Structure formats: C-alpha cells, structure tokens
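Have a look at the structure below, then the notes.
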Amino acid sequence: MRVYYIKKARASKTLRICRQCQREILPGEAYRYITPRFGPEKYWCSAHSPRQSDLAGGKLSEAYAAQEGLEDDIAAFRRGEIEDLESSISTAAEEAERIAEEYEESISNMPDSLQDSPTAQDCQERADALREWKDELEAVDLSTEEFDPDSVSREDYEAEELEAAVEEKRQEFEEAERERVAEEVESACGNLQI
C-alpha cells in the first residue's frame, strides 16, 4: 500500500485525525495518509508514520500488530511505566498461535486441488514462522538477580554516606537488569520473519 506525504494540508471539510496521537491535523501542517482498498483514508501527523500493521491486511496485519504491541510494551518497560513483560510476552505468544491456527485453517478450507498451491505453501510458511516466533518469545529468560547490599564497599564511604551509596548502587543495578531483560525480549520480538 502506498503512503502519501502532504507537505501542507489544505482546508477541508474532512476532519483529519492522527491515528497514533489522536491530534487533529490542522491546515498548513504536514501529514501522511493511506487509502485502503476498503474503508476510509487513514491519517498520521508529521511526527508519526504508518506502521506495518497499518499497511498490511488480514491475518498478516494482526501478526504485525502483535509484534508492535510487544515493542510498545518494551519501550514502556524501559521507561518504568510497567513492572514486567511477562503478560505482554504471553499475550503476543497467544496471538501468534491463534494467527498460525487461522493460517492452517485457511489451508484446510481450500479445495483439494489447491492444497499444494503456492498460496497454501505461503500460508504454511507464515504459520510455521509465527510458531517459531512464539517459541522464541516463550524461551526468553525474564528472571532478574537480586541486589546484594554487601557488594558496596563500606570502607569507601562515611557512615552518613553509606545508606545513600547503597541506594544509588541498588538503582544502578536494577536499571542494568531492566535493560538486560528488555534487550532479550527485544531480540526475540524482532525475529518475526513473515
């Protein structure tokens, strides 16, 4: 699907709302839009672009949406807005399994003469890729190590400074663990090849 870029919006009776930030696109502002085969045009302000799920259709769009949802949750995890990624991973894995089953159901609904067609093979390859992605997501190690306060050398600090130093080291340790987990999940999330 083609994405159109408009440098300067004209006045229009059509209300243009960015699909990502829900802000109205005013006359004079730059924006992007797509025209799906079915349905109304979709708009994005100059700060946002359409995602893969917006440009694809059907089951493929749902698979990309699951991946993008997990990517959004990883970003929120890094910002500290959510505590863990376990529910996000399980949701994405369940979606991948559901979509893989839909692809296989599509193959079984084809007439016998088309069961070995290139379309059926594409459906099977996508189902297999989604199942591999699900397995990779479920294999991610989400465990984190606990901070050991005794790891802070007491000789380097005065008695008044010790408590603040321990808390500072704890925060650094927890941030490093969060980043490690986020990188592992991000690596598995990016491995969806369909």
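Read the figures in this text as sums done on the coordinates, not as results from a lab. In this text the structure is predicted, and so the values were computed from the model without any measurement. Because the Cβ atoms are built from the backbone with ideal geometry, glycine has one as well, and the counts that use them run over all protein chains shown.
Residues within the reach of a label modelled at E101 (point 7 angstrom out along Cα to beta-carbon, backbone nitrogen below 16 Å), restricted to the range 127-156, are 127-128, 130-132, 134-135. Beyond 22 Å between alpha-carbons counts as too far, so tell me which of K13/K59; K7/K42; K8/K42 fall in that bin. Among K13/K59; K7/K42; K8/K42, the Cα-Cα distance tops 22 Å for K13/K59. Label separation (S90 vs E125): 3.4 nm, computed from points 7 Å beyond Cα along the C-beta direction. Rounded to the nearest 10 degrees, what's the angle between the helix 159-189 long axis and the longest principal axis of the chain, both from Cα atoms, 0 to 90? The two axes meet at around 20 degrees. As I understand it, the value is the acute angle between the Cα axis of helix 86-108 and the longest principal axis of the Cα atoms of the chain; what does it come to in degrees, rounded to 10? The helix 86-108 is inclined about 20 degrees to the chain. At R0 = 41 Å, how high is the FRET efficiency between E24 and Y157 if r is their beta carbon distance? Nearest 0.05 is fine. Result of the calculation: an efficiency of 0.15. Label sites at R2 and A75, each approximated as a point 7 angstrom past Cα along Cα to Cβ, lie 2.8 nm apart.
Rounded to the nearest Å, what's the spacing between the alpha carbon centres of the range 108-163 and the range 24-65? Just the number, please. Using only Cα atoms to place each centre, the spacing works out to 28 Å. Summarising the label geometry, the points placed 7 Å from Cα in the beta-carbon direction at E68 and S117 lie 2.9 nm from one another. Extents of the chain, taken as max minus min of Cα coordinates on every principal axis and listed largest first, are 76, 53, 19 Å.
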